[in-house]
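These notes concern the structure reproduced below.
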């Protein structure tokens, strides 16, 4: 991965390149940033630049033997550690190497994935991944090897906050007394869950959310969106490039949810019971996952309309279409009913999740919204 493939963060890219040019590469560095910021992508691009055999002024060359191996994430001096759990295929003592094929495939497809997406990829069901003591032994084994081709062995640890106490203490010892020519690149979303002693021994790079201009430009250039569409998604994603991609992929569902929400609220306000019964029939015909997603969407729009009613426009996240509807509708979501509307929507979501009869759930929801919407 080259720096040019990472969305935004030009200033941070320049700082990282400067550390190499000035021979000030710290042996332990922390790339701290929120989900979708691109901190993992930056760490990989940095590792590739360090190993590049023909460094350019602002990026790795992309064509030398080292870069070609990095492009496939198969360079022998590049190592990855990430949280894992048991699955149908790995039933005991899982470590990162058990899932390295899926890891490489995920990054090559899209380096902006999140924890849930990763756990879904390796099919660990509802388990949460950890970096265990078995992983710490693997780390030690790898780092005691000599470098094969590059000047440095580079270990990228994704989500070091998922280390258990044993593994974290082992890592601390390695950072305090690192093997020769070894770089640790820690990629974290929550430093508060890491050992303070590890934090104090790393060079910190704070990776902010992706800036709006870079996000907008990338969405137009890489996804063929119109400036207006890109503006909507940039606003809703709020600096999270992973969320921006999800929004692009769910345009049809967003349109469906918007239509269902506006129909529910208009029919409820106008007391059109027959139309609401038809609405219940329509939404009952779609699958449960789609019904659950609609209810989550409805909860979000109720929240945004309440913020709009309070005139808190700076923290309102609506598309232009949603805003056009909400400008007038928001007056009906106020202090007197917002909590109750949230509760009935949340209960409907819980009932659908528990396989309750959907027609009864949505009819009950509609009748309650009628009572609440004019408060």
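Looking at the structure I just gave you, is residue 292 under 25 Å from the mean Cα position of the chain (by Cα), at pLDDT 90 or above and either part of a helix (DSSP H, G or I) or closer than 22 Å to residue 237 by Cβ (or both)? For residue 292, the condition - under 25 Å from the mean Cα position of the chain (by Cα), at pLDDT 90 or above and either part of a helix (DSSP H, G or I) or closer than 22 Å to residue 237 by Cβ (or both) - is met.
Screening region 103-128 for residues that are within 30 Å of residue 180 (Cα to Cα) and buried (at least 16 other Cβ atoms within 10 Å of the Cβ) and picking the one that is farthest from the chain's Cα centre (by Cα) gives 103.
Would you confirm, using the coordinates I've provided, whether residue 262 is over 30 Å from residue 344 (Cα atoms), part of a helix (DSSP H, G or I) and either touching a residue at least 12 places away in the same chain (Cβ under 8 Å) or over 18 Å from the mean Cα position of the chain (by Cα) (or both)? It is false that residue 262 is over 30 Å from residue 344 (Cα atoms), part of a helix (DSSP H, G or I) and either touching a residue at least 12 places away in the same chain (Cβ under 8 Å) or over 18 Å from the mean Cα position of the chain (by Cα) (or both). Is at least one residue of region 256-266 over 19 Å from residue 7 (Cβ atoms), out of contact with any helix residue (DSSP H, G or I) (no Cβ under 9 Å at 6 or more places or on another chain) and assigned by TED's automatic domain parsing to the domain that holds residue 286? Yes: one or more hits. In the condition set (1) surrounded by 12 or more Cβ atoms within 10 Å (Cβ to Cβ); (2) modelled with pLDDT under 95; (3) closer than 28 Å to residue 240 by Cβ, residue 73 is compliant with all but (2).
Per the listing 316, 302, 280, 273, the residue uniquely within 17 Å of residue 369 (Cα to Cα) and within 27 Å of the chain's Cα centre (by Cα) is 302.
Can you tell me which residue in region 26-47 is modelled with the lowest pLDDT, limited to those that are more than 20 Å from residue 218 (Cβ to Cβ) and in contact with a helix residue (DSSP H, G or I) (Cβ under 6 Å, 6 or more places away or on another chain)? Write out each step before concluding.
In the first step, residues of region 26-47 are kept if they are more than 20 Å from residue 218 (Cβ to Cβ); the result is 26-30, 32, 47.
If we keep only those that are in contact with a helix residue (DSSP H, G or I) (Cβ under 6 Å, 6 or more places away or on another chain) as well, we get 28, 32.
Numbers: 28: 93, 32: 96.
This residue is 28.
Scanning region 204-220 for residues that are assigned to a helix (DSSP H, G or I) and either free of Cβ contacts under 8 Å to residues at least 60 places away in the same chain or surrounded by fewer than 18 Cβ atoms within 10 Å (Cβ to Cβ) (or both) gives 212, 213, 216, 217, 219, 220. One residue stands out in region 188-203 among those that are touching a residue at least 40 places away in the same chain (Cβ under 8 Å) and under 21 Å from the mean Cα position of the chain (by Cα): the one that is nearest to residue 16 (Cα to Cα), namely 188.
Only one of the numbered conditions (1) part of a helix (DSSP H, G or I); (2) under 22 Å from residue 160 (Cβ atoms) is not met by residue 26, and that is (1). Of all the numbered requirements in (1) outside any helix (DSSP H, G or I); (2) in contact (Cβ under 8 Å) with a residue 60 or more places away in the chain; (3) closer than 19 Å to residue 351 by Cβ, residue 286 misses one, and that requirement is (2).
Looking only at residues of region 297-326 that are touching a residue at least 40 places away in the same chain (Cβ under 8 Å) and farther than 21 Å from residue 234 by Cβ, we find that the one that is surrounded by the fewest Cβ atoms within 10 Å (Cβ to Cβ) is 299.
The values are calculated or read from the model by the stated rules, or taken from the named source; none is laboratory data. Not measured: the values here are computed from a predicted model. Using ideal geometry, Cβ is built from the backbone for each residue, glycine included, and neighbour counts are taken over all protein chains shown.
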